[in-house]
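The block underneath contains the structure these notes are about, expressed in structure tokens.
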Amino acid sequence: MLNEVFGGRLAVIGMGYIGLPTATVLATRGIQVVGVDVNPRIVDAISRGEAPFIEPDLQVAVSGAVAMGRLSMSREMPEADAYIIAVPTPFNPDHTADLSYVQAAAEQVAAKLQPGNIVVLESTSPPGTTEKVSQWIGAVRPDLKMPHVVGSNADIFVAHCPERVLPGRIMIEMITNNRVVGGLTTACAIKAASIYRVFSQGEILLTDAASAEMAKLVENAYRDVNIAFANELSLITESLRLDVWEVIKLANQHPRVNVLSPGPGVGGHCIPVDPWFIVAAAPDLAKLIRTAREVNDHKPHHVAEQVINKARRFRSPAIACLGLTFKANVDDIRESPAVEVVGLIAGALPEVEIMVADPYVPELPKELQSNANLRLVNAGEAVDAADIIVLLVEHDAFKALRHTRHNGKVVYDTRGAWA
Ligand SMILES: NC(=O)c1ccc[n+]([C@@H]2O[C@H](COP(=O)([O-])OP(=O)(O)OC[C@H]3O[C@@H](n4cnc5c(N)ncnc54)[C@H](O)[C@@H]3O)[C@@H](O)[C@H]2O)c1
């Protein structure tokens, strides 16, 4: 099957949260995969059969794929029949996409391409990026006919296949989710889809590259706008002295209403980032999407301000902040609003010792290490010693601490876990 389609040698460029599971799943289906990464620590770890981050079922799959000789690692670009690019796409200070990693990867791939090869961009990207990949390759390899110039007569097939897996369920969702594959031409989409047919049990929907790019951004902007609605409600109900959880519970009794849960902000490295790519693409039109981003980005400041005001009512307050990760029961602190809240409180109250607890975070994140008034402790100790308890992440372990140990303390539950 796959071997008949493209010869069966595949390179994955960028072996992080997306690239490594993709490479591993393909390798365990019998494809010969070379993972390419610029980070020697990642190359060495995976070469030893070790997954460099925690994700259920990934470790066993990686060690199996490496032991079978199906997955190997390299810092150099190998020759392959198909290339999947899964490098980071962060944003610049002005919220436009930083495509420098994608460009570097595309140019490195370009040097190795032969007619008939497939290049798939998996990185979340603004509309038009897949076409830029084709242009960047064409600039390095003027000998190749590229699809953005010659359309269906191209030597190289270039497509976008966005990833929508949920951390914590990546190995399941990678196989079961429906996939969108957008080609610069129809032939590009069909060729790229042949890679995903090797392991995907979901539906594979073929489209053009820019629609595929936009669809991925829309998914995360949709989530962001809905969370912003809940977060704005939480500010309004607070000012009206109403319980937001009670109001949302009642509103959700309506058969066609499903208000999401508010929180201390929005974290992870997709939802707070991707909507900005839409704003940058249509700055005059994306008003709601921009406002949603601003509402969600403001929320950690509001939470910190509330805690600081509460603390000023005590002569010598003891504050416990529970949770640092961006969501419950994972160890990922990327773009975590909880980290931002803790930093803001610690910075505003340098004389107050602040206890921080998170069973998934063994040491204070880098951005908090300069705050001498922060102390990482276990949750029970923090709750017992605190005058003010701030729940920032609804880890199961924290839910178990509810009520009994809160008597006489100020409790600020930003997640509704103890509601
Ligand atoms: N993590 C997720 O849950 C998720 C979900 C959907 C989409 N995405 C998107 O997938 C893309 C990758 O995200 P990630 O979370 O896997 O990132 P990551 O930071 O975990 O991994 C990216 C890897 O790429 C490597 N790299 C950078 N430049 C390179 C180059 N030129 N050659 C080889 N390797 C290079 C880095 O060293 C790193 O190991 C991003 O566009 C992201 O938005 C991520």
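The values are calculated or read from the model by the stated rules, or taken from the named source; none is laboratory data. Remember, it's a predicted structure, so these values are computed and weren't measured experimentally. Neighbour counts are summed over all protein chains in view; Cβ atoms, including those assigned to glycine, are modelled from backbone coordinates with ideal geometry. Quick note on the areas: whole protein, heavy atoms, side chains included, nothing else; ligands and nucleic acids left out. Shrake-Rupley method; radii C 1.70, N 1.55, O 1.52, S 1.80 Å.
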Viscosity 1.306 mPa s, temperature 10 °C, Stokes-Einstein D of the range 200-244 from Kirkwood C-alpha radius, µm²/s: 120
Report the one residue of Leu392, Leu376, Tyr412 whose Cα lies farthest in the direction of the positive end of the charge dipole of the range 367-419 (charges on C-beta: Lys and Arg +1, Asp and Glu -1; origin at the Cα centre). Tyr412
Could I have the simple spin-label model distance between Lys249 and Ser211, label points 7 Å from Cα toward Cβ, reported in nm to one decimal? 4.4
Listed highest first by mean packing, meaning other Cβ atoms within 10 Å per residue, what order do 12-24, 320-332 come in? 12-24, 320-332
Calculate how large, on average over all directions, the projected area of the Cα convex hull of the range 2-202 is; give the answer in nm² to one decimal. 10.5
First obtain the Kirkwood hydrodynamic radius of the range 59-147 from its Cα pairs, then insert it into the Stokes-Einstein equation at 10 °C and 1.306 mPa s, and state the resulting D in µm² per second as a whole number. 109
222 nm mean residue ellipticity, helices alone, for the chain (DSSP H n ≥ 4; -39,500 (n - 2.57); rounded to 500): -12500 deg cm²/dmol
Could you tell me which residue out of Ala292, Phe277, Phe314 lies farthest along the dipole of the range 243-331 toward its positive end? Charges go on the beta carbon: Lys and Arg +1, Asp and Glu -1, centred on the Cα centre. Phe314
What whole-number volume per residue, in cubic angstrom, does the convex hull of the C-alpha atoms of the chain give? 155
Per the C-alpha gyration tensor (a ≥ b ≥ c, the square roots of its eigenvalues), the range 218-413 is rounded if a/c is under 1.5, else prolate if a/b beats b/c, else oblate; here it's prolate
Residues listed by number, the range 367-400, amide nitrogen under 17 Å from Arg313 label point at 7 Å toward C-beta: 386-391
Under unit Cβ charges (Lys, Arg +1; Asp, Glu -1), what dipole magnitude, rounded to 20 debye, does the chain have relative to its Cα centre? 500
Using the Cα centre of the chain as origin and beta-carbon charges of +1 (Lys, Arg) and -1 (Asp, Glu), tell me which of Gly202, Met73, His302 is placed farthest towards the positive end of the dipole. Gly202
Mind checking the range 296-360 for GluC sites (Glu not before Pro) that DSSP puts in a loop (not H, G, I, E or B) and that have at most 16 other Cβ atoms within 10 Å? Glu351, Glu353
For Asn329, placing the label point 7 angstrom along Cα-to-beta-carbon and taking the range 241-274, residues whose amide nitrogen sits under 20 Å are 260-264, 267-269
Cα→Cβ-extended label distance, 7 Å offset, between Glu173 and Asp94, nm: 3.2
Leaving out same-chain residues fewer than 8 places away, which aspartates and glutamates sit with a Cα under 13 Å from that of Lys145? Asp155
Leaving out ligands, DNA and RNA, what percent of the accessible area of the chain is carbon and sulfur, probe 1.4 Å? 53
FRET efficiency for Ala139 and Gln114, using Cβ-Cβ distance with R0 set to 25 Å, rounded to 0.05: 0.90
In whole percent, what relative contact order does the range 134-207 give with Cα contacts below 8 Å and a gap of six or more residues? 27
Under a 10 Å cutoff between Cα atoms, tell me which one of Pro255, Pro126, Pro56 has the largest fluctuation in the Gaussian network model of the chain. Pro255
Between the alpha-carbon centers of the range 12-32 and the range 212-277, tell me the distance in whole angstrom. 33
With respect to the cross-link table entries Lys327/Lys399; Lys249/Lys399; Lys112/Lys191; Lys112/Lys216; Lys310/Lys399; Lys132/Lys191, which display a Cα-Cα separation exceeding 21 Å? Lys112/Lys216; Lys310/Lys399
Which angle from 0 to 90°, rounded to the nearest 10, does the C-alpha axis of helix 19-28 make with the longest principal axis of the chain? 50
Relative contact order of the range 218-413 (C-alpha contacts under 8 Å, at least 6 apart) in percent is 20
Roll a 1.4 Å probe over the protein chains and send me the accessible area per residue for the chain in Å². 44
Would you look at the GNM of the chain, springs on alpha carbons closer than 10 Å, and say which of Arg290, Arg41, Arg313 moves the most? Arg313
With Cα springs under 10 Å, the Gaussian network model of the chain assigns the largest mean-square fluctuation among Ala187, Ala67, Ala110 to Ala67
In nm, spacing of pseudo-spin labels at Asn378 and Ile54 (7 Å Cα→C-beta vector): 1.6
If I fit a long axis through the Cα atoms of helix 58-67 and take the longest principal axis of the Cα atoms of the chain, what angle between them do I get, 0 to 90°, rounded to 10? 30
For the chain, what is the relative contact order in percent, using Cα pairs closer than 8 Å and at least 6 residues apart in sequence? 11
Length released on extending from Glu76 to Arg164, taking residue separation times 0.36 nm less the Cα-Cα span: 28.9 nm
